[in-house]
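Note sheet for the following structure.
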Amino acid sequence: MSTVTAPRRRSRLGWNLLGLLVFVTAGFPVYWMLNTAFKPAADAIDPDPSLLPTGLTLSNFGRALDIADFWGPVGRSLIVSLAVVVIGMAVGLLAALAISRFAFRGRKIVIVGILAVQMVPLVAMIIPVFLLLNDLGQYDRLTGLIITYLTFILPFTVWTLRGFIVNIPRELEEAAMVDGCSRTSAFIRVVFPLLAPGMVATSVYGFIQAWNEYLYALMLLSQKNQTATVWLGNFTTKHGTEYAPMMAGSTMMAVPIVVLFLLVQRKMAAGLTAGAVKG
């Protein structure tokens, strides 16, 4: 029995060490951002930095708020991100429902098209998107940026929600319809509550994607309409980069994401595991 237990213990120890390595690798950049944000500006550019904080200060946050308008870009990022999530979920849910529950000509082509769109590099579409928005009068407007974000967030939303809907048995809807519910009522009363965790997980992903996007926001908006990610570029000037205030600004930018995750963490965990096992 000991010969069986020992390999299992070594295997478990190996997986634990691997998990710890992944955690340290993923968590160290976040720790370094916080460490730099709260340390004096002079220590942030020290050629021999300390892994542990040597002194704490809030002056970097004041500098970050003074160097350029902070609340304007953050407000615009919130508007864009929330609009992308709301529109993407409304359209994506209807599209996913149609693909997963109804048979129509060209259904497989639509599914393949959704996958193909996600394979196109975003960098490759910058010039066509710029020219199209300029012709439509949407350059340097938040509506144009929202439409652009939807082009690569909506396909993922449709594909993800389709996977959740497919794993909800049709028999539940049919039983509700036998009891007198219409198709719409059966969806609202039966399918929608089961789909809610998946919708939360998909919404959080869409929000994070729109909130953190930099390249299109830089190319499609002028400085007066810049979003929060582009705002961080104000810390790099011809005189150099102010790393400590930049990290303070990055910390403030991460707060909405952390708050959102804490509010929906249970639903998100349920959504990420939903559909892992058929039935």
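The values are calculated or read from the model by the stated rules, or taken from the named source; none is laboratory data. Not measured: the values here are computed from a predicted model. Here Cβ is always computed from backbone atoms with ideal geometry, including for glycine, and neighbour counts include all displayed protein chains. These area figures cover heavy atoms from the full protein model, side chains too; ligands, DNA and RNA do not enter into them. Shrake-Rupley method; radii C 1.70, N 1.55, O 1.52, S 1.80 Å.
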- Note on the structure: Sole miss for Arg107 among (1) at pLDDT 90 or above; (2) open to solvent by 60 Å² or more (accessible area, probe 1.4 Å) is condition (1)
- Query: Hey, Met33 hits all of (1) over 31 Å from the mean Cα position of the chain (by Cα); (2) modelled with pLDDT of 90 or more but one; which does it fall short on?
  - Reply: (1)
- Task: Could you tell me which of the residues Asp135, Asp140 is closer than 26 Å to Ile114 by Cα, open to solvent by 30 Å² or more (accessible area, probe 1.4 Å), of a type in the set (Asp, Glu) and at pLDDT 90 or above?
- Result: Asp135
- Message: I'd like the full set of residues that are under 16 Å from the mean Cα position of the chain (by Cα), assigned to a helix (DSSP H, G or I) and not aliphatic (A, V, I, L, M), limited to the range 198-246.
- Response: Gly198, Thr202, Ser203, Tyr205, Gly206, Phe207, Gln209, Trp211, Asn212, Tyr216, Thr229
- Task: Considering only the range 66-90, state which residues are open to solvent by 70 Å² or more (accessible area, probe 1.4 Å) and modelled with pLDDT of 85 or more.
- Result: Trp71, Ile79, Leu82, Val86, Ile87
- If you check Leu56 against the conditions, is it touching a residue at least 12 places away in the same chain (Cβ under 8 Å), closer than 24 Å to Phe235 by Cα and surrounded by fewer than 16 Cβ atoms within 10 Å (Cβ to Cβ)? yes
- Item | Unmet requirement for Tyr243, which otherwise passes all of (1) without any contact (Cβ under 8 Å) to a residue 40 or more places away in the chain; (2) open to solvent by 20 Å² or more (accessible area, probe 1.4 Å) | (1)
- Note on the structure: Only unsatisfied item for Asp140, checking (1) under 21 Å from Thr229 (Cα atoms); (2) without any contact (Cβ under 8 Å) to a residue 60 or more places away in the chain; (3) not in a helix (DSSP H, G or I), is (2)
- Task: Exactly one condition in (1) loosely packed, with under 10 Cβ neighbours inside 10 Å; (2) farther than 27 Å from Tyr149 by Cβ; (3) within 21 Å of the chain's Cα centre (by Cα) is not met by Gly27; state its number.
- Result: (1)
- Condition met for Gln226 (open to solvent by 50 Å² or more (accessible area, probe 1.4 Å) and either closer than 30 Å to Val74 by Cα or touching a Leu at 6+ places or on another chain (Cβ under 9 Å) (or both)): no
- Selection status of Val123, within 27 Å of Ile257 (Cβ to Cβ) and either open to solvent by 60 Å² or more (accessible area, probe 1.4 Å) or within 21 Å of the chain's Cα centre (by Cα) (or both): yes
- Can you name every residue in the range 215-231 that is over 17 Å from Ile126 (Cβ atoms) and of a type outside the set (S, T, N, Q)? Lys224, Ala228, Trp231
- Complete set of residues in the range 145-197 that are in a loop (DSSP other than H, G, I, E, B) and farther than 30 Å from Ser81 by Cβ: Pro169, Asp179, Gly180, Cys181, Ser182
- Query: How many residues does the range 137-172 hold that are among the aromatic types (Phe, Trp, Tyr) and over 18 Å from the mean Cα position of the chain (by Cα)?
  - Reply: 2
